[in-house]
Structure formats: structure tokens, C-alpha cells
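Asks: Sharing a structure with you now.
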């Protein structure tokens, strides 16, 4: 009973202080409450078939939360996994925060992360991971836009790649592949495709940090004809057929840029920065920004996708009462 009271007091402390609640979980109390039903539905279904450590049960059974559990409520469990992603603490530190053993923390992190992924999928917040799924999403968006606006309105998309630091690999070949000359350290990279409202439509597989941005765009996703694509100068030469490209002009080596060229670059950058805002919002979860020390279940490869889905869940519930004017 002491554990139950401790956990409830910790959760209630965050809930009473809205600023601290956002700092600890990355969500407001209202967003947390909207995500909770999806999490509960998947939580009860998953744990009726699997144990928290991922082992399959011998038979189906109705899941019941025990009072002596270190995390004796659905709210506690959702707060536990969100705070772990937000803070990226040592497991010993996180176990102490929720009054449990480090081994229990390890099992809860991996089990609840799986449940959270499925809950975000159920909430339709998970970005596409394949090009075919991306094309389906773009067709749905185009159809919805056509019903509301004029049919001639083009779809504006943005794309960019981002790197995350990883611990120095022990294998010599992995060290060479993952070393980023830009960051001067070992990293992994993901590319994203977003809308003008910062909704992330696609997240590429997690690749070595030395992979060039244009190579990811060539091999892992495509932009359909009729779209307008906003990109930075790192995608020099990337011009899909039938796609209108908006890209800043590079400064010539031998001469200065004209005033008109500088103004055009500022105009393009003012819109292209929205993809940077989306990536920044994903990296409010420190586990998608700092070094991730977990290895089981391909955690490093999948965690950026989960954080992108958490970002999408927020974006889909924010009111946008304005229209973006593009010329």
C-alpha cells in the first residue's frame, strides 16, 4: 500500500502543477487525458496476451492491475513511459523516481513503449514508414483539400533529415559508417516529410549518420507529381519529375548575391523553417536528441518514430484558424 500511495502522490504532484506536468511528460494535462483512452485500450488488450517483459502468456485472460504493482494505475503507467522519453534518465534514476527496482524499470520501459506505439497507431498519429503508405496519406490529404478548397490548390510539402548522437560503436566498420563529418561524432539519421502545419507524414528508417540527405530521398520516399516541395540547399540536384521545387540559391564562389536573390532566399527560408520546427518539437523528448543507451528491441531505431507520433498527436489536436498564403 505504501508503494501505491507514493506513486499516486508523485503523479498528483505533476498534475497539480501544469508547468511541471509538461516538463515531466511533454504533454499538457488535457493532451494527456486525450491520449489516455487509446493507451488504456491497447494496454488491457496487450497485457491479456503478453507479460510486461514481452513473453507471451499461455492463455488469454482478463488483465487486472494489482495494488502492490509499482505502477498500479493506467495514469501512472502512461506518465512513467512519457517521462522516460521526455527526460532520458538513467534507469536507476527513473526507478528511484517511481520507487521500484532497476530491473522492473527496464521491463516497464520496453513493455510500455510497445503499448504506447500501438496506442499512437490506434489514434492515427503514427507517420508513414514506407513510400506506399506515404502515397496513400498524400492522396487522402489531397482529397480532403479538394473538397474544402479549389481543385487547383497544390499540396505543399517540406522535407529534411536530422541526426541523433549515439554511443561510439565498438565495431570498426560501424564506427566508420556512423561517424558524421558534420556533427564530428557518431550519429544515426532520419529523414522526415511534413506539411506546412508541421504534421509529420513520413519518417525514414534509421540510417548511419554518414548517409547523405539526398540519398535517403532517392531511395526511401518519393514526392508525387503536382506537389510543391520546399527544401534546403543540401538537396541540390533533387528534382522529382512533375514536382515544383522551392530551394534557396547558393552563393556563387566568385561574386556576391543580388538583393533580389537574398530576398527570395529569406522568403523560402521563412516557410522551409517549418520542417525545422517539427523536428525541434520531436526532440523536446530528450531520448530523441541525446544519446540513447538502450539496445533491446531496436530501441534506438524506433524511438524517433514514436516521438514523431507523439508530436503528431499534439498537432492534430491544436486549432489552426488561419490559412497559409503562398506565392
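Asks: Identify all residues within the stretch 206-237 that are under 18 Å from residue 301 (Cβ atoms) and touching a strand residue (DSSP E or B) at 6+ places or on another chain (Cβ under 8 Å); write none if there are none.
Replies: 206, 207, 208, 209, 210, 211, 216, 220, 221
Asks: A follow-up question, please. Can you list the strands (runs of 3 or more DSSP E) lying wholly within the stretch 122-235 that have 1 or more residues being free of Cβ contacts under 8 Å to residues at least 60 places away in the same chain?
Replies: Correct list: 156-165, 185-195.
Asks: Let me ask something else. Residue check: is residue 260 modelled with pLDDT of 90 or more and more than 27 Å from the chain's Cα centre (by Cα)?
Replies: Working: modelled with pLDDT of 90 or more: yes; more than 27 Å from the chain's Cα centre (by Cα): yes.
For residue 260, the condition - modelled with pLDDT of 90 or more and more than 27 Å from the chain's Cα centre (by Cα) - is met.
Asks: May I ask you to list the residues in the stretch 266-287 that are crowded, with 16+ Cβ neighbours inside 10 Å, out of contact with any strand residue (DSSP E or B) (no Cβ under 8 Å at 6 or more places or on another chain) and assigned to a helix (DSSP H, G or I)?
Replies: Hits for the stretch 266-287 are 281, 286, 287.
Asks: Please find, among 226, 209, 234, 242, the residue that is assigned by TED's automatic domain parsing to the domain that holds residue 160 and buried (at least 17 other Cβ atoms within 10 Å of the Cβ).
Replies: So the residue among 226, 209, 234, 242 that is assigned by TED's automatic domain parsing to the domain that holds residue 160 and buried (at least 17 other Cβ atoms within 10 Å of the Cβ) is 209.
Asks: A follow-up question, please. Quick one: is residue 66 touching a strand residue (DSSP E or B) at 6+ places or on another chain (Cβ under 7 Å) and surrounded by fewer than 19 Cβ atoms within 10 Å (Cβ to Cβ)? Full working, then the answer.
Replies: Details: touching a strand residue (DSSP E or B) at 6+ places or on another chain (Cβ under 7 Å): no; surrounded by fewer than 19 Cβ atoms within 10 Å (Cβ to Cβ): yes.
Judged against the criteria, residue 66 is not a match.
Conditions tested, residue by residue: (1) more than 30 Å from residue 283 (Cβ to Cβ); (2) at pLDDT 85 or above; (3) not assigned by TED's automatic domain parsing to the domain that holds residue 111.
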{"residue": "14", "(1), (2), (3)": "no, yes, no"}
{"residue": "19", "(1), (2), (3)": "no, yes, no"}
{"residue": "32", "(1), (2), (3)": "no, yes, no"}
{"residue": "37", "(1), (2), (3)": "no, yes, no"}
{"residue": "41", "(1), (2), (3)": "no, yes, no"}
{"residue": "54", "(1), (2), (3)": "no, yes, no"}
{"residue": "57", "(1), (2), (3)": "yes, yes, no"}
{"residue": "67", "(1), (2), (3)": "yes, no, no"}
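Asks: Give me the residue from the stretch 289-306 that is touching a residue at least 60 places away in the same chain (Cβ under 8 Å) and part of a loop (DSSP other than H, G, I, E, B) and, out of that set, farthest from residue 185 (Cα to Cα).
Replies: 294
The values are calculated or read from the model by the stated rules, or taken from the named source; none is laboratory data. Note that the coordinates shown come from a computational prediction; the quantities given were computed from them, not determined experimentally. Positions of Cβ are generated from backbone atoms using ideal geometry, with glycine treated the same way; all protein chains shown enter the neighbour counts.
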